[in-house]
Amino acid sequence: MKRTIYILAFTFLGFLLQFLIHAWVEIWYIGLLISNFSTYGLGLSWQQWFLVHHVLAVILLIAGIVFGYLQGRYWWKQIYVLKRWRKKI
């Protein structure tokens, strides 16, 4: 049970991390689009940018959850199985 909660917590952490990355990239790039759409629009319309947003949002969501899950498994093994967190005297 402890392992499941540990991995779920890391998965949630991965979700939160992707959310912050998504917000930062979106705020940054929308600022560029608003300031000079003809340069930074890459020839796409606003409707196409909405599609790009939705596709990348799903990709980031999946990547964040997978990253969190894999990190949870990795650190569980390092800390609880291999016990590498203890200081060597």
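The values are calculated or read from the model by the stated rules, or taken from the named source; none is laboratory data. From a predicted model like this one, the values you see are computed outputs, not experimental measurements. When we count neighbours, we look across all protein chains shown, and the Cβ atoms used for this are built from the backbone with ideal geometry, even at glycine. In case anyone asks, the SASA skips ligands and DNA or RNA and just uses the protein heavy atoms, side chains included. Shrake-Rupley method; radii C 1.70, N 1.55, O 1.52, S 1.80 Å.
Tabulated data for the structure shown
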quantity	calculated
Principal axis dimensions, the stretch 31-79 - Cα atoms, whole angstrom, descending	51, 18, 12
Accessible area of Arg3 in the full protein assembly, 1.4 Å probe (Å², nearest 10)	110 Å²
Estimated dipole of the chain in Debye, rounded to 20 [Cβ of Lys and Arg +1, of Asp and Glu -1, Cα centre]	1140 debye
Nearest-0.05 FRET efficiency for Val52 and Ala9, computed from C-beta distance (R0 30 Å)	0.45
Proximal charge balance of Leu8 [Cβ under 13 Å; K/R count +1, D/E count -1]	+3
Whole-angstrom gap from the stretch 59-80 to the stretch 3-26, using each part's C-alpha centre	9 Å
Accessible surface, 1.4 Å probe, highest first, among residues Val52, Val81	Val81, Val52
Fraction of accessible area attributable to carbon and sulfur, the chain (%, probe 1.4 Å)	74 percent
Degrees separating the helix 2-35 axis from the principal Cα axis of the chain, which is the longest one	20 degrees
Overall Cα dimensions of the chain - principal axes, largest extent first, Å	61, 29, 14
Order by protection proxy (mean Cβ within 10 Å, highest first), peptides 10-23, 36-49	10-23, 36-49
Whole-number accessible area per residue in Å² for the chain, which is evaluated in the context of all protein chains at 1.4 Å	82 Å²
